[in-house]
Amino acid sequence: MDIQRILLIILAAALGGVLGSFANVLVIRWHEDSSIGGRSACPRCKTTIKPRHLIPIFSWLWLRGKCAYCGKSIHYQYPIVEALVAILGIIAAVRHDPLTDPMFWFEFLFSMTLIVPVVMDIRWQEVPVEYLIGVAVLSGLWQVIYPPSSMEDILARFYSIALAFLISAVFFGLQIVVSRQKWLGLGDLWFAFAMAGILGWQKLLVGIYMAYVIGGVVAFVGFVAGKFKRGSRLPFVPALFAGTMVALWYGDRITAWFLHAIK
Ligand SMILES: [Zn+2]
């Protein structure tokens, strides 16, 4: 890896920190249903935050998780989301050259957008529906038109993405109807549409499978450790997100391996 690439990876991490603090704003604004805009303010005392207190991750650590004005604690959601998006930026920049490969932006931006519903599902058991529809449509559109190709190819890709949406609708819709929203909620269905747009149908199957494996392991460990109570509802969107990332990074290898195994 040359020095230019290493610099680009560091830049991607910094951009991730900034986009992560934007994701934090989106989380709060979608939850409170107010418009985006205006300066960042402390959620408790409403004081406008000075630019030097807006540096992702570092400001939170420097202020030891407290507001510089009222001294009330600032939720750990903020530095964790910033760090998470910075890590997504690093991984995308290691996998794809940010200067020459548009897939860097596809992986980075779409994986980052999914953080917003993950946080909202964990904290309030809700997801931003119109937002997820937007992510599903934009990512699906990208899959259809990129890379530029013949009309025939584009049409074939359109059917492929349509199939992914159909799989999400049937697989999650059925579980919601059959279980009367006991196993899964409508939020999981909306998230699954975004997965379909980002992954396409082959990787979507990998993503769903991995979500159940990861979610199952986490739930099992949680119950054994006494962290989760019996009958308590666990958010499933974080597991779907984890499955999505595994499918995005390793989906091609996993499907190739699977096709080889059943031959
Ligand atoms: Zn404050």
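How many residues, within region 187-220, are under 17 Å from the mean Cα position of the chain (by Cα), farther than 16 Å from LEU114 by Cβ and modelled with pLDDT under 95?
Going through region 187-220 one residue at a time, the tally reaches 0.
May I ask you to verify whether ILE90 is under 26 Å from ALA242 (Cα atoms) and more than 16 Å from the ligand (Cβ to nearest atom)? Before you say what the answer is, go through the steps one by one.
Values: under 26 Å from ALA242 (Cα atoms): yes; more than 16 Å from the ligand (Cβ to nearest atom): yes.
Yes: the conditions hold for ILE90.
Here are the criteria: (1) out of contact with any Leu (no Cβ under 8 Å at 6 or more places or on another chain); (2) over 18 Å from LEU19 (Cα atoms); (3) aliphatic (A, V, I, L, M). Tell me which single one LEU99 does not satisfy.
(1)
If you take the residues in region 73-83 that are modelled with pLDDT of 95 or more and surrounded by fewer than 18 Cβ atoms within 10 Å (Cβ to Cβ), which one is farthest from LEU7 (Cα to Cα)?
My answer is ILE80.
Starting from residues that are part of a helix (DSSP H, G or I) and at pLDDT below 95, keep the ones in region 221-250 and report whichever is farthest from TRP105 (Cα to Cα).
In this case the residue turns out to be VAL224.
Taking the conditions exactly as written (under 19 Å from TYR250 (Cβ atoms) and at pLDDT below 95), does GLN181 satisfy them or not?
Numbers: under 19 Å from TYR250 (Cβ atoms): no; at pLDDT below 95: yes.
Against the criterion (under 19 Å from TYR250 (Cβ atoms) and at pLDDT below 95), GLN181 does not qualify.
Under 9 Å between Cβ atoms, which residue pairs at least 6 apart in sequence (or on different chains) link something in region 62-76 that is in the same structural domain as THR48 (by TED's automatic domain parsing) with a partner that is of a type in the set (Phe, Trp, Tyr) and part of a loop (DSSP other than H, G, I, E, B)?
GLY65/TYR76
Given the conditions (1) surrounded by 17 or more Cβ atoms within 10 Å (Cβ to Cβ); (2) in contact (Cβ under 8 Å) with a residue 24 or more places away in the chain; (3) over 14 Å from the mean Cα position of the chain (by Cα); (4) in a helix (DSSP H, G or I), which single one is not true for LEU138?
(1)
Being surrounded by fewer than 13 Cβ atoms within 10 Å (Cβ to Cβ) and either more than 16 Å from the ligand (Cβ to nearest atom) or in a helix (DSSP H, G or I) (or both): is that true of MET1 here? Break it down into steps so the answer makes sense when it comes.
Values: surrounded by fewer than 13 Cβ atoms within 10 Å (Cβ to Cβ): yes; either more than 16 Å from the ligand (Cβ to nearest atom) or in a helix (DSSP H, G or I) (or both): yes.
Here the answer is yes, as MET1 does meet what is asked.
When region 60-77 is examined, which residues are found to be within 8 Å of the ligand (Cβ to nearest atom) and small (Gly, Ala, Ser)?
ALA68, GLY71
Within region 26-135, considering only helices (runs of 4 or more DSSP H) that don't extend past its boundaries, which have at least 2 residues that are within 22 Å of the chain's Cα centre (by Cα)?
Numbers: elements: 58-62, 77-95, 103-113, 115-124.
Passing ranges, in order: 77-95, 103-113, 115-124.
Do you know which of the residues in region 91-128 that are surrounded by 16 or more Cβ atoms within 10 Å (Cβ to Cβ) and of a type in the set (Val, Ile, Thr) is farthest from TRP249 (Cα to Cα)?
Of everything passing the filter in region 91-128, VAL127 is farthest from TRP249 (Cα to Cα).
Just checking, does region 43-51 include any residue being in contact with a strand residue (DSSP E or B) (Cβ under 6 Å, 6 or more places away or on another chain), without any contact (Cβ under 8 Å) to a residue 24 or more places away in the chain, within 16 Å of the ligand (Cβ to nearest atom) and charged (D, E, K, R)?
The answer is no; no qualifying residue exists.
What is the one condition in (1) within 16 Å of the ligand (Cβ to nearest atom); (2) among the hydrophobic types (A, V, I, L, M, F, W, C); (3) not in a loop (DSSP other than H, G, I, E, B) that ILE10 does not satisfy?
(1)
I'm told ILE57 meets every condition in (1) at pLDDT below 90; (2) among the hydrophobic types (A, V, I, L, M, F, W, C); (3) within 14 Å of the ligand (Cβ to nearest atom) except one. Can you identify the failing condition by its number?
It is condition (3) that ILE57 fails.
The values are calculated or read from the model by the stated rules, or taken from the named source; none is laboratory data. Please read these numbers as outputs of a predicted model, since none were measured by experiment. Don't worry about glycine lacking a Cβ; one is built from the backbone with ideal geometry, like all the others, and counts go over all protein chains shown.
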